1. Using only Cα atoms, figure out Rg for the stretch 30-79 and give it as a multiple of 2.2 N^0.38 Å.
2. State the extension gain, in nm to one decimal, for the chain segment bounded by residue 63 and residue 26, taking 0.36 nm per residue of separation less the distance between their alpha-carbons.
3. Taking R0 as 22 Å, what FRET efficiency do you get between residue 75 and residue 54 from their Cβ-Cβ distance, rounded to the nearest 0.05?
4. Could you sort the peptides 56-63, 26-33 by per-residue average Cβ neighbour count (10 Å cutoff), highest mean leading?
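Please treat every number below as a calculation from the coordinates, not as lab data. Model, not experiment: these values are computed from the prediction. Neighbour counts are summed over all protein chains in view; Cβ atoms, including those assigned to glycine, are modelled from backbone coordinates with ideal geometry.
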Amino acid sequence: MTDSVPEGRVAEPAEAVPAEPEYDPAAPAPLNVPRTPTGDAEVDERLERLADADHLATDGHLEVYEDVHRGLRDALTALDTRPGPPAPAPHGERAPTPSYHQSRS
């Protein structure tokens with residue numbers, strides 16, 4: 001037997017074996033940095049957004065980091081706007097105190 005192809009016939013190519021992807025050190029790769037939940041849903045959501053950077057090229061990280069930073073800054077700012085205890089009275093003035101003595105009529 002010979003491996004030659006009779007005239008007029010075209011040799012069929014051998015089955016193509018899919019090439020394995022080559023290792024590309026510059027390709028995006030997950031950092032697998034653990035993110036510990038804080039207990040604050042808004043903050044945890046922002047920290048989870050950092051995982052989006054794992055699948056982006058380096059030039060795409062900035063947008064993710066800026067978005068996370070903006071969200072965390074907004075969460076901290078919101079803490080300042082929540083009602084808290086009353087502000088102390090200016091020096092020399094007494095703040096009204098609650099009366100525990102009830103008058104009997």
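1. Taking the Cα Rg and dividing by 2.2 N^0.38 Å, one obtains 1.17.
2. Details: separation 37, 0.36 × 37 = 13.32 nm, distance 1.90 nm.
Gain on stretching residue 63 to residue 26: 11.4 nm.
3. Between residue 75 and residue 54 the formula returns 0.45.
4. Numbers: 56-63: 11.2, 26-33: 9.5.
Final packing ranking: 56-63, 26-33.
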